[in-house]
Amino acid sequence: IDFDLILENVKDLNVLAGEGISQIEHTPGGARLRQPEPLPLTLYQNGIVMFNGPFRPYEDPSTQQCLQDIMDGYFPSELQMRYPDGI
């Protein structure tokens, strides 16, 4: 696992997802600026935790696919169900 590549690509993906850019959210009385919801990802020596969910060891095939997607420069494909319109 190339941690440097993962960190570099996560930074790039954060920019694509709108990090630091506010969006207009319409409310009943007008509108307000809203920041995109962060997607927490914690890397450990032997696995990851995403969305404050369960620990996922690197040996798990779904974890390997998630990290491979990131190393390839893509958002993890497992997020498509959660974000059908994109991040």
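The values are calculated or read from the model by the stated rules, or taken from the named source; none is laboratory data. Computed from a prediction, not measured in an experiment: that's the story for all the values here. Heads up, the Cβs are rebuilt from the backbone with ideal geometry, glycines too, and the neighbour counts pull from every protein chain shown. Side chains are part of the model used for accessible areas, which takes the heavy atoms of the whole protein and leaves out ligands, DNA and RNA. Shrake-Rupley method; radii C 1.70, N 1.55, O 1.52, S 1.80 Å.
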query = Ignoring any ligand, DNA or RNA, what whole percent of the accessible area of the chain comes from carbon and sulfur when the probe is 1.4 angstrom?
reply = 53 percent
message = Tell me the per residue accessible area of the chain using a 1.4 Å probe; a whole number in Å² is fine.
response = 74 Å²
inquiry  = Can you work out the Karplus-derived ³J(HN,Hα) for every residue in the stretch 58-75? Use 6.51 cos²θ - 1.76 cosθ + 1.60 with θ = phi - 60°, whole Hz, and x for glycine or proline.
reply    = 4, 6, 5, x, 5, 5, 4, 5, 4, 5, 5, 4, 5, 5, 7, x, 10, 5
task = Subtracting the Cα-Cα distance from 0.36 nm times the residue separation, let me have the gained length for Asn46 to Ser77 in nm, one decimal.
result = 9.0 nm
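Ignoring everything except DSSP H segments at least 4 long, calculate the 222 nm mean residue ellipticity for the chain; use -39,500 (n - 2.57) per segment, divide by total residues, nearest 500.
Values: 2 runs with 25 residues, N = 87.
-9000 deg cm²/dmol, from helical runs alone.
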remark   = Expressed in angstrom and ordered largest first, the alpha-carbon extents of the chain along the principal axes are 50, 24, 21
task = Scan the stretch 9-87 for chymotrypsin sites (Phe, Trp or Tyr not before Pro) in coil per DSSP, keeping those whose Cβ has at most 13 other Cβ atoms within 10 Å, and list them by number.
result = Tyr44, Phe51, Phe55, Tyr74
request  = Just need the relative contact order of the chain here, percent rounded to a whole number, with Cα pairs under 8 Å and 6+ apart.
outcome  = 22 percent
